[in-house]
Amino acid sequence: MEFEETCGKAAEAIRNAGALVITAGAGMGVDSGLPDFRGEKGFWQAYPMYERLGIGFVGAANPEHFERDPGFGWGFYGHRTNLYRETIPHAGFSLLLSWIERFRLDHFVVTSNVDGQFQKAGFSGERMLEVHGSIHHLQCTTPCSMQIWDNNEVIPVDASSMRARAIPRCIRCKAVARPNILMFGDYGWISARTDRQEGCFDKFLDSVRQAPLVVIEAGAGTTIPTIRSLSERLGRQPLATVIRINPREPHITSPHLSLACGALEGLSGIDRCL
């Protein structure tokens, strides 16, 4: 199916929708200038200093660093905190918001991203499920309690060594704090915030069960298939249409729709048809 024809079918599904679920992986942020860490080479391209150390994404995103060498652990996550704070969400986020308003769509966002870009673009935090947590929230490494608090820390990072010059501390016990993110091999993540979001998402799905549902999936790959699996599960519901936007792995079974392009290009194509 040609690109424009697929965009037309996607636009038709959105016009007829009663509810919208936006599912997003790392590829959603690429058009905003964020790296998607595709493979070790992709990670090292974004962070060449880790290639010299022979450390890949899995190694850098390991909770053990916060206990053994918090300066190193916060080097990676401090840099990402600063990057996400500086990043401006691309125009595709605004397009999605405009469709929600124009067609009065009940909606929810489910993302594996920890960057907070949807909230920054104007989406409500009450309609958000961040399945891996958020870099904009912190917790104790111990943890001394189940408390989760806003990340208001200033974390300067030495780019040559990727070491943080300041270490965030727990607001209760003053132990080292860490991002409230599910990392690799992580047994200390406090999931309470994400659990609450998941409960809200379940209630949302119950409330729209009889409505024609459109799922717009953007930038969700197969390496960690959480988001793709959710989209496909939702697509098995009666009256559901999944629109998968992915430049490398766009395949999805009919009658669902696939666009082999980046998030902004796909959303812009659909918008032209709307």
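Tabulated data for the structure shown
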| item | result |
| --- | --- |
| Karplus (6.51, -1.76, 1.60) ³J(HN,Hα), θ = phi - 60°, over the stretch 112-122, in Hz, Gly and Pro reported as x | 8, 6, 10, 8, x, 5, 5, 5, 5, 7, x |
| Most positive-pole-ward Cα, 65, 49, 82, against dipole of the chain from beta carbon charges | 65 |
| Within straight-line cross-link reach of residue 203, aspartates and glutamates at Cα separation under 15 Å, skipping those fewer than 8 residues along the same chain | 106, 126, 195 |
| Size of electric dipole in the stretch 120-271: Cβ of Lys, Arg +1 and of Asp, Glu -1, about Cα centre, debye, nearest 20 | 400 |
| Once the Cα gyration tensor of the stretch 65-188 is diagonalised, semi-axes √(5λ) in Å | 30, 17, 11 |
| Size of electric dipole in the stretch 35-180: Cβ of Lys, Arg +1 and of Asp, Glu -1, about Cα centre, debye, nearest 20 | 180 |
| Sequence-distant aspartates and glutamates (8 or more away, or on other chains) whose Cα lies within less than 19 Å of residue 174 | 64, 67, 69, 150, 153 |
| Overall Cα dimensions of the chain, principal axis frame, Å, largest first | 53, 37, 28 |
| Hz values of 3J(HN,Hα) by residue in the stretch 236-246 - Karplus curve (6.51, -1.76, 1.60), Gly and Pro given as x | 7, 6, x, 6, 9, 10, 9, 10, 9, 10, 7 |
| Reachable aspartates and glutamates, given that their alpha-carbon falls under 13 Å from the alpha-carbon of residue 9 and they are not under 8 places away in the same chain | 271 |
| Low-density loop positions, trypsin sites (Lys or Arg not before Pro), the stretch 177-240 - DSSP coil, at most 13 other Cβ in 10 Å | 209, 236 |
| Dipole-positive endmost among 189, 239, 199 within the stretch 169-259 (Cβ charges, Cα centre) | 189 |
| Under 5 Å, built H, 5+ apart or other chain: amide partners of residue 215 | 21, 241, 242, 243 |
| Antiparallel DSSP beta bridges within the chain, as percent of all bridges there, nearest 5 | 30 |
| Inverse mean reciprocal Cα-Cα distance (Kirkwood Rh) of the stretch 35-79, Å | 10.6 |
| Largest to smallest accessible area among 207, 98 [probe 1.4 Å] | 207, 98 |
| Binned Cα-Cα distance frequencies in the stretch 148-214 - 5 Å width, integer % | 4, 12, 14, 17, 16, 10, 9, 7, 6, 5, 1 |
| Computed magnitude of the charge dipole of the chain (debye, nearest 20; Cβ of K, R +1, Cβ of D, E -1) | 460 |
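The values are calculated or read from the model by the stated rules, or taken from the named source; none is laboratory data. Because the structure is predicted, anything quoted here is derived from the model rather than measured. Neighbour counts run over all protein chains shown; Cβ positions are idealised from the backbone, glycine included. Note: areas computed on protein heavy atoms with side chains; ligands, DNA, RNA excluded. Shrake-Rupley method; radii C 1.70, N 1.55, O 1.52, S 1.80 Å.
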